[in-house]
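Reading through the structure tokens given below for one structure.
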Amino acid sequence: MIKGTGRPVYEGVAIGRIFVHSKAHTVTNRKCADISRELELFNEAKEKARAELEELYDKTLREIGEEQAGIIEVQSLFLDDLDYIEGIEDMIKQGSNAAFSVHEIGDAQASAFAALDDEYMKARATDIRDISDRLIRILTGAEPGFRMEEPGIIVAEDLTPSETVALDKDKILAFVTRQGSSNSHTAILARVMNIPSLVLTDIDIDPQLNGRTMIVDGFAGNYYIDPDEETLAAMQDKKKRAGEYKAGLENYRGKPSVSKSGRCVKLFANIGSPDDIKYVIEGDAEGIGLLRSEFLYLGRDSFPTEDELFEAYRKVVEAMNGKKVVIRTLDIGADKKVDYFNLEKEENPALGYRGIRICLTQKDIFRTQLRAIYRASAYGTVAIMFPMIISVKEVEEIKSFCAQIAGELEAEGVRLNPVELGIMIETPAAAVISDLLAEHVDFFSVGTNDLTQYTLAIDRQNEKLDAFYEPHHEAIMRLLKLIAENAHKHGIWAGICGELAGDLSLTDEFLRMGYDELSAAPSRILQLRKNVIESEV
Ligand code: PEP
Ligand code: MG
């Protein structure tokens, strides 16, 4: 038996046969005598790739959503990218065969993109590798894609966006990849599909693994190849219990989230894009507690227009049919870099120019977003919250700017609904002065991810510090208690929208503190409701 570990991105246990997903193109440099024929072959391959991508775009749009389909669209743009295409053509003109030229130029350009600081540009490395692989496959006549004859576990170095969408989703029991991150395409797909998966594993991608039995334990972050009988029995039992638990959760669908002693807490969902609405409905969330607006700005190369933002917000607000939607204004900066914002490189980006600091100093960006949100308010129940607040002064400035925007829209004859204005409490400063801040806002929502990072002085992105990152730290618990107390003293509601809200070991504690709302991943809602209903608090 081989046992290994990785970072779990979705809970559950899967047992099945391994399907190794490898890109074993052996591309050799062959001098070609007929250069114009080779250029012609390259052009034909380009057009075939374009047609394949168009088909894939439609399939992705139908099966997954607009956001993922956009990734496929970006790839077809490389087929017209002069640097890429002319680089390949130049190599062919110097006598190399087309497949080798694509391989060399693709590799060089992908490495150059991967070395850039900007997260959006870095991600383009995967797109270049993906399109190059496609061209090479067409040029070498290799088997198209990868097939699974029966359900199984996919083991791969990493999966590119077009590889993930081309998979036969009904047959995938789990993903195990060597690379990737919690936000890689594989991880996102795993969460969307509710299948256990591990990224950043220590597995050797060896074709000899094909067909062997594997167990993926997405709870503990372990995998087992050729498990011994004892492990197999233990894991089968764990899988059975997980299945029973999940089926049992269906009893909590549609029930009010009230504890035994009558404490009522709203269970809301966190989302990043309008495409996630289906999971909010599936998860039975009572509203949206955090719509991370920055995702509407990522993955593109210019600012979204007011109308584009309005359409995205309206779609979410309308779909929620009157249930509350808390929209967080842009929290760009730190780990979320966007090229067209032209942000300077900083020594300490997490402590730098981010979130509300950008909005308050670049009011045109803030104005566009606020106008879009206020316009969307007419379609349901909207609340706005502001990230990274540290002072009353900021809140006063924000409120007067919001009043100005709402006034302008009304003067233009635009219909608006009342909008609650709240703040995220995610800096120790905001937590400590939450009594003063509560006088100025309608609600608090605690961002425990950043509150933990800033209180413990631990970079939340640094894997080396995982052992020190302790969200249950007494300092965090005391701040959470203080924030809820100060909110209630001033008659406003308080929620939690950081990862801690979904921590099932803390539900009782949050009820005791008096939190009015917990906002977590959509797939967490039924579990949280079970905890609330069974709580004695
Ligand atoms: C948080 O900081 O807890 C939070 C919800 O915001 P984000 O994770 O987007 O920084
Ligand atoms: Mg935050």
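The values are calculated or read from the model by the stated rules, or taken from the named source; none is laboratory data. Given the structure is predicted, the values throughout are model-derived calculations rather than measurements. Every residue, glycine among them, receives a Cβ derived from its backbone with ideal geometry; neighbour counts consider all protein chains shown. Calculation scope for accessible area: heavy atoms of the full protein, side chains included, ligands and nucleic acids excluded. Shrake-Rupley method; radii C 1.70, N 1.55, O 1.52, S 1.80 Å.
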Ordering of 96-107, 356-367 by packing [mean C-beta count within 10 Å, highest first]: 96-107, 356-367
Output ordering of 519-531, 405-417 (per-residue mean of other Cβ within 10 Å, highest first) is 519-531, 405-417
Relative packing of peptides 128-134, 40-46 - highest average C-beta neighbours within 10 Å first: 128-134, 40-46
Classify the chain from the C-alpha gyration tensor, please: rounded if a/c falls under 1.5, else prolate or oblate depending on whether a/b exceeds b/c. oblate
Mind checking the angle between helix 392-411 and the chain's longest principal axis? C-alpha axes, 0 to 90 degrees, to the nearest 10. 80
Sequence-separation-based contact order of the range 271-534, relative, with Cα cut under 8 Å and 6+ spacing, percent: 17
I need to check one value: relative contact order of the chain, counting alpha carbon pairs closer than 8 Å and at least 6 residues apart, in percent. 15
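Nearest 500 deg cm²/dmol is fine: what mean residue ellipticity at 222 nm does the chain get from its DSSP H runs of n ≥ 4 alone, each adding -39,500 (n - 2.57), divided by its residue count? Could the numbers behind the result be given before it?
Values: 19 runs with 242 residues, N = 537.
The helix contribution divided over the chain gives -14000 deg cm²/dmol.
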If R0 = 51 Å, then Lys3 and Val392, at their Cβ-Cβ distance, give a FRET efficiency to the nearest 0.05 of 0.40
Straight-line reach from Lys238: which lysines have Cα under 28 Å away, leaving out those fewer than 8 places along the same chain? Lys3, Lys169, Lys171, Lys246, Lys255, Lys530
So with the 1.4 Å probe, I'd like the accessible area per residue for the chain, rounded to whole Å². 45
At 1.4 Å probe size, with the rest of the protein present, what percent of the exposed accessible area of the range 35-140 is carbon and sulfur atoms? 50
Which percent of the accessible heavy-atom area of the range 271-534 goes to carbon and sulfur, probe 1.4 angstrom? 51
Roughly what angle does helix 98-114 make with the longest principal axis of the chain, taking Cα atoms, 0 to 90 degrees, to the nearest 10? 30
Label the range 35-140 by shape, choosing from rounded, prolate and oblate, from the square roots a ≥ b ≥ c of the eigenvalues of the Cα gyration tensor; if a/c is under 1.5 it is rounded, and otherwise prolate applies when a/b is larger than b/c, oblate when it is not. oblate
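Indicate, rounded to the nearest 5 percent, the antiparallel portion of the DSSP beta bridges found entirely in the chain.
Working: 19 of 60 bridges.
Counting only bridges with both partners in the chain, antiparallel ones make up about 30 percent.
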